[in-house]
Structure formats: structure tokens, C-alpha cells
Amino acid sequence: QVQLVDAGGGLVQPGGSLRLSCAASRSIFSTYIMDWYRQAPGNSRELVARMNPRGSTNYADSVKGRFTITRDNTKNTLYLQMNTLKPEDTAVYYCHGQTLNTHVWGQGTQVTVSS
């Protein structure tokens, strides 16, 4: 069973940047669709960014131009670079990987944007 470990969250001021990471326990990026989701208090979990095995990416409208999803195949690690952060980006961020038969989640990392 694949395991995903999320890291990189923290407290940042509005306009600041953070980079989240998601370390996979083995090589999966050639077969898994990889996502970043987030969930704010009282809200449902929402898809933020997606990368397919070919490397194509998609973003939620709310983060386009500010967030970038990338991966390092040699390190089995997925990243989310978050720039120009806003208070409404405050949430727990989760890495997610899926195939036709498998869904796996990271444990989540808290991002708080506040002055």
C-alpha cells in the first residue's frame, strides 16, 4: 500500500509564499493522478491542483496564476508552490493519489494565512 506524507505548512502573512511537499513511499507518478485538495473549517474538501501521469496540470480558478503543482520523479515527491497567499487560502492541505482502483491520502498539513 502506497503511503503519502504531507509537509511544509505553516503560518504566513498575506502576500507570502509556501511550498508544500508530498512524499510517496514508492514510485507512483507514472501511473497515479496526483492532486492537492484543501479543506477550510466548515467547508467541504475542494480540489486545488491536479497533475496526471503525463505531467498535464489543472488548477481551481481561485488559485490559477498563484499556485503551481510540480513533481520530482527521482525523489517520489509532489510539490505545491503557493505564491501571493490570501487569508482565504487558509485550510488543511491534503495530497491525494488515485488510479482506477486506488485512492490514497496524505495526513494533511495546515496552512494559515494571517497578519
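The values are calculated or read from the model by the stated rules, or taken from the named source; none is laboratory data. Computed from a predicted structure; not experimentally measured. Neighbour counts run over all protein chains shown; Cβ positions are idealised from the backbone, glycine included. Protein only, heavy atoms only, side chains kept; ligands, DNA and RNA dropped before computing areas. Shrake-Rupley method; radii C 1.70, N 1.55, O 1.52, S 1.80 Å.
Below is a table of values for the structure above.
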item: Filter result for SER115 (over 14 Å from LEU18 (Cα atoms) and open to solvent by 60 Å² or more (accessible area, probe 1.4 Å)); result: yes
item: Filtered residues of the range 21-80 (kept if of a type in the set (D, E, K, R), farther than 21 Å from VAL2 by Cα and in contact with a Leu (Cβ under 8 Å, 6 or more places away or on another chain)); result: ARG66
item: LYS86 being under 14 Å from the mean Cα position of the chain (by Cα) and open to solvent by 30 Å² or more (accessible area, probe 1.4 Å); result: no
item: Pairs, first farther than 14 Å from TRP105 by Cα in the range 17-32, second loosely packed, with under 13 Cβ neighbours inside 10 Å, C-beta under 6 Å, six or more apart; result: PHE29/ASN73
item: Residue ID - least open to solvent (accessible area, probe 1.4 Å), chosen from residues in the range 36-78 that are farther than 15 Å from TYR94 by Cα and among the acidic types (Asp, Glu); result: ASP72
